[in-house]
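The values are calculated or read from the model by the stated rules, or taken from the named source; none is laboratory data. Remember, it's a predicted structure, so these values are computed and weren't measured experimentally. Ideal geometry is used to build each Cβ from the backbone, glycine not excepted, and the neighbour counts take in all protein chains shown.
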Amino acid sequence: MTKVTVLDDYQGVVARLDAVRILDDLNVDLEIITEHVREEGRLAEILAQTDCLVLIRERTRISSSLIEALPRLRLIVQTGRLSNCIDLEACSRRGIPVKDGSGNPIAPAELTWALILAASRRLVPYAQQLKQGNWQRSVAEIADESLGRVVSGRTLGIWGYGKIGKRVALIGRAFGMTVLVHGREQSKQAALSDGFEFVTDRSGFLKRLDVLTLHLRMCPETRHLISEDDLACLRPDALLVNTSRAELLVPGALLSAVRKGRPGAAALDVFTDEPDGVREYLGVPQILCTPHLGFVERDTYESYFCEAFTHVRAFVLEGIRG
């Protein structure tokens, strides 16, 4: 029997997906781990009998030392696109194939807009105050009250114009926003072909924005790309939205910038060292936090695990034929 383990199913939903049926007629022992195991030694114990390991994005790092501690491991499957959470050189040394799937820009683009609208209209604090019996209030003290605002007629900045950035930009245009784009040459050509203004100068781009949303790929060139000096170029009433990667910003830069008033607000779905890394942001009223929900919805999960379990099925059948 082939032991297949899925890590980090935080919500306990994988076993109820239609995609699981792909494994139905195989001699497979499917184990789904819902707890997040941080300690590598404990993780090695849990995975000791695992033949095929399925990862939900980059929730757990698969290091060289962990790979060497798992002699039965014969396949790793990454849901979505490959990330740097897997030591690919160590896998290569052991002859362990690593499979990935395709990305999906729809869910993260929609979440980006959910965050923009929620933060702009202050929906979460209004809902929280309503539960306390306060009608049309977003804070407890009336002297501290302020109004939300619409996005129509304002300026949206897209930093990184790939598949997600493009969807966000098109929705911004539909909302009646002026859309500006910044990024590398590839972003420039794509944005211009779609009729959007591309701004090459970084500070000039940031100074014009009401809303800035980040859609950059994580790579050595973009890690810690955005500094506190960059954020200081944003206006005091600007909103920063990050559904991409927390590591795009210099550590500590956003908290310091928000406390200094530029930008005036932020909405974040990604954090370093998740899930613990969210804690330092939770007590800051200007920052709306969500628990990395960009890809966490039914359609994306079905797509991810259909691809993942198809890889597992092919591996198991190849072993039977071999």
Residue satisfying all of: in the range 161-217; among the small types (Gly, Ala, Ser) and crowded, with 19+ Cβ neighbours inside 10 Å; farthest from LEU231 (Cα to Cα) among these: ALA190
Leading residue by the ranking (surrounded by the most Cβ atoms within 10 Å (Cβ to Cβ)) among those in the range 31-67 that are more than 24 Å from the chain's Cα centre (by Cα) and not in a helix (DSSP H, G or I): CYS52
Top-ranked residue in the range 274-287 [being within 15 Å of the chain's Cα centre (by Cα) and in contact (Cβ under 8 Å) with a residue 60 or more places away in the chain; ranked as surrounded by the fewest Cβ atoms within 10 Å (Cβ to Cβ)]: PRO275
Any chance ARG245 is out of contact with any strand residue (DSSP E or B) (no Cβ under 6 Å at 6 or more places or on another chain) and not hydrophobic (A, V, I, L, M, F, W, C): yes
Which numbered condition ILE158 misses (of (1) within 25 Å of PHE198 (Cα to Cα); (2) in a helix (DSSP H, G or I); (3) touching a helix residue (DSSP H, G or I) at 6+ places or on another chain (Cβ under 8 Å)): (2)
Contacts under 8 angstrom Cβ, first residue in the range 191-212 being outside the structural domain of ARG167 (by TED's automatic domain parsing) and closer than 13 Å to THR178 by Cβ, partner modelled with pLDDT under 95 and surrounded by fewer than 20 Cβ atoms within 10 Å (Cβ to Cβ), 6 or more apart: none
Pair list, Cβ under 8 Å, 6 or more apart: the range 298-314 residue under 11 Å from THR79 (Cβ atoms), other residue basic (Lys, Arg): ALA308/LYS99; HIS311/LYS99
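In this structure, is SER244 out of contact with any His (no Cβ under 6 Å at 6 or more places or on another chain) and at pLDDT 95 or above?
The answer is no for SER244.
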Selected residue (only one of LEU26, LEU70 is more than 19 Å from the chain's Cα centre (by Cα), buried (at least 19 other Cβ atoms within 10 Å of the Cβ) and modelled with pLDDT of 95 or more): LEU70
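Condition test on GLY95, is it touching a Lys or Arg at 6+ places or on another chain (Cβ under 9 Å), assigned by TED's automatic domain parsing to the domain that holds ARG313 and buried (at least 18 other Cβ atoms within 10 Å of the Cβ)?
Working: touching a Lys or Arg at 6+ places or on another chain (Cβ under 9 Å): yes; assigned by TED's automatic domain parsing to the domain that holds ARG313: yes; buried (at least 18 other Cβ atoms within 10 Å of the Cβ): no.
Here the answer is no, as GLY95 does not meet what is asked.
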Which numbered condition ALA90 fails, given (1) part of a helix (DSSP H, G or I); (2) within 30 Å of GLY283 (Cβ to Cβ); (3) touching a residue at least 12 places away in the same chain (Cβ under 8 Å): (2)
Selection status of VAL270, in the same structural domain as LEU214 (by TED's automatic domain parsing), surrounded by 19 or more Cβ atoms within 10 Å (Cβ to Cβ) and at pLDDT 95 or above: yes
Hey, PHE196 among the aromatic types (Phe, Trp, Tyr) and either in contact with a His (Cβ under 8 Å, 6 or more places away or on another chain) or over 23 Å from ALA114 (Cβ atoms) (or both) or not: no
